[in-house]
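The values are calculated or read from the model by the stated rules, or taken from the named source; none is laboratory data. Not measured: the values here are computed from a predicted model. Quick reminder, even Gly has a Cβ in these numbers, built from the backbone with ideal geometry, and neighbours come from all protein chains shown.
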C-alpha cells in the first residue's frame, strides 16, 4: 500500500491484490473473534458492508487487468480501514497471525501507522482550509 495523494476530502492510495487479500483475511479473523457482537461498534460498519467494500476494490483491480490500482478513498472509508487494522493489531488476539493474515503482525502495524498518518494529514488539511476560509470571511467583514 502506497499513498499517491491526500486532500481534506479523500486520499488516493495504491493497492495491490496482495493488499486486498491481507485486508480480507483481517476482516475474516476480526469477524470470527467478534462474531457474538461488537463488530459494528468497534469497526463502525457491519461485516457485510466491510466485506462489500473490499470486494468492490478487488473487482476494480481485476477489471483493470493490473496487479495494482490507485483508488480514491473517502475519509469514512479510510476510517473503516483504520478501525479494522487497529482491531487486528491491538484489539484482538489472532493466533497463528502470519498463517491466517498472510504477513507478520509488524507489517499490519506498519500499514496501520500509514493509515493513521493519512487520517492526520486529512484532518490537518481540513483544519487549514477551515482557518483560511474563516480568515477570508474576517477580512471581508473588516473591509466593510
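Residues being in contact with a strand residue (DSSP E or B) (Cβ under 6 Å, 6 or more places away or on another chain), within 18 Å of residue 13 (Cα to Cα) and not in a helix (DSSP H, G or I) are entirely absent from the range 117-126.
Test each condition in (1) surrounded by fewer than 15 Cβ atoms within 10 Å (Cβ to Cβ); (2) closer than 21 Å to residue 90 by Cβ; (3) in contact (Cβ under 8 Å) with a residue 12 or more places away in the chain for residue 9 and report the one that comes out false. Status for residue 9: all satisfied but (2). Note on the range 34-57: residues that are surrounded by 17 or more Cβ atoms within 10 Å (Cβ to Cβ) and out of contact with any strand residue (DSSP E or B) (no Cβ under 9 Å at 6 or more places or on another chain) amount to 7.
Of the residues making up the range 64-97, those that are at negative phi and not in a helix (DSSP H, G or I) number 13.
Matching residues to (1) under 17 Å from the mean Cα position of the chain (by Cα); (2) without any contact (Cβ under 8 Å) to a residue 60 or more places away in the chain; (3) under 12 Å from residue 26 (Cα atoms):
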{"position": "47", "(1), (2), (3)": "yes, yes, yes"}
{"position": "50", "(1), (2), (3)": "yes, yes, yes"}
{"position": "69", "(1), (2), (3)": "yes, yes, no"}
{"position": "75", "(1), (2), (3)": "yes, no, no"}
{"position": "86", "(1), (2), (3)": "yes, yes, yes"}
{"position": "90", "(1), (2), (3)": "yes, yes, no"}
{"position": "103", "(1), (2), (3)": "no, no, yes"}
{"position": "110", "(1), (2), (3)": "yes, yes, no"}
{"position": "113", "(1), (2), (3)": "yes, yes, no"}
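In contact with a helix residue (DSSP H, G or I) (Cβ under 7 Å, 6 or more places away or on another chain), at pLDDT below 95 and either part of a loop (DSSP other than H, G, I, E, B) or surrounded by 12 or more Cβ atoms within 10 Å (Cβ to Cβ) (or both), is that true of residue 61? For residue 61, the condition - in contact with a helix residue (DSSP H, G or I) (Cβ under 7 Å, 6 or more places away or on another chain), at pLDDT below 95 and either part of a loop (DSSP other than H, G, I, E, B) or surrounded by 12 or more Cβ atoms within 10 Å (Cβ to Cβ) (or both) - is met. Quick one: is residue 70 more than 22 Å from residue 2 (Cα to Cα), modelled with pLDDT of 90 or more and either surrounded by 13 or more Cβ atoms within 10 Å (Cβ to Cβ) or touching a strand residue (DSSP E or B) at 6+ places or on another chain (Cβ under 7 Å) (or both)? So residue 70 does not fit the description; no.
Residues in the range 87-110 that are in contact with a helix residue (DSSP H, G or I) (Cβ under 6 Å, 6 or more places away or on another chain) and closer than 21 Å to residue 73 by Cα: 87, 88, 108, 109.
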